[in-house]
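Contents: one structure, followed by commentary.
The values are calculated or read from the model by the stated rules, or taken from the named source; none is laboratory data. This structure is a prediction, so every number in the text was calculated from the model and none was measured. In this analysis, Cβ positions are derived from the backbone assuming ideal geometry, glycine residues included, and neighbour counts consider all displayed protein chains. Ligands, DNA and RNA are stripped out before the accessible areas are found, and what is left, the full protein with its side chains, is counted by its heavy atoms. Shrake-Rupley method; radii C 1.70, N 1.55, O 1.52, S 1.80 Å.
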Amino acid sequence: MSQPEDVKLGTEEWVFPVVRDVGGGAPLHWIRSGWADLRACPIPSLFYGFCFAAMGLLVTMVFEHAYAYTVALTSGFLLLGPFLAMGLYEISRRREQGAACALLPTLTVWKRNAGNIGIFAVVLGIVFLVWARASMVVFALFYTNEMPNLSGFLTQLLALDNLEFLLVYFGVGLIFATIVFAVSVISVPLMLDRNQDAISSMLTSVGALMRNPGAMIIWAFMIAGLTVIGFMTFHLGLVVLMPIVGHASWHAYRDLVVQPGVPAG
């Protein structure tokens, strides 16, 4: 792969990625584009969807009667979603370039920028471990009911039986989710597409959020809503919804970051 135009070697200047403004309706366009990618490349896309669903089901089965662990691991798994969706980004990138749909080239896409993707993975891994510990502490301090099975746990949540726990848990979770969303919303596609370093990719991602707060808030709620729907269908909905979100994230990157040689307007 040729050296990206915005990375200059030798005595030439290195240019930081430029973020453009998008409208509040952009997330709907990204979802439509993600759906189009899924329809165009169903087999490789659904492979990743089944992986998301299988991991969610495995966590639930292993920790069937320990929902302090299940909720922490499941939500932490979602924090790692941008890293796990690299194959979906590559499918969208290949389709954009007119390449044939294929699964095998997407399985090792991380090798294209392994060092920086590894740094990013370490950052998300640390956030996940801190979140998992924080989640356990909140359960220990605020969950007053006896730990139930899955149906009992969901019933308690829907009935708001432990409102103090819900407020604290989702408040703490919102802090971690905001941090992860800010640094990851477009950073992995940027690293894959232009071999960008991890630090500037995460800073660009934060810049995209700060420059387009309205569209980014809508996008965050859409991701959360589709994920909740996926879990409410006993993880089966994740088979289709996670590929759509992954593909849509690639199109979000394309809309938000000015490509080399393209005017920012």
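When residue 98 is tested against (1) assigned to a helix (DSSP H, G or I); (2) open to solvent by 50 Å² or more (accessible area, probe 1.4 Å); (3) more than 16 Å from residue 189 (Cβ to Cβ), exactly one condition is not met: (1). Here 230, 225 are screened, and the one residue that is modelled with pLDDT under 95 and touching a Gly at 6+ places or on another chain (Cβ under 8 Å) is 230. Scanning the stretch 35-87 for residues that are part of a helix (DSSP H, G or I), open to solvent by less than 20 Å² (accessible area, probe 1.4 Å), modelled with pLDDT of 95 or more and farther than 23 Å from residue 121 by Cβ turns up 37, 38. Across the stretch 228-239, a minimum of one residue is classified as surrounded by 14 or more Cβ atoms within 10 Å (Cβ to Cβ), more than 15 Å from residue 30 (Cβ to Cβ) and among the small types (Gly, Ala, Ser).
Tally the residues that are open to solvent by 20 Å² or more (accessible area, probe 1.4 Å) and out of contact with any Phe, Trp or Tyr (no Cβ under 8 Å at 6 or more places or on another chain), restricting the search to the stretch 204-222. Qualifying residue count, the stretch 204-222: 10.
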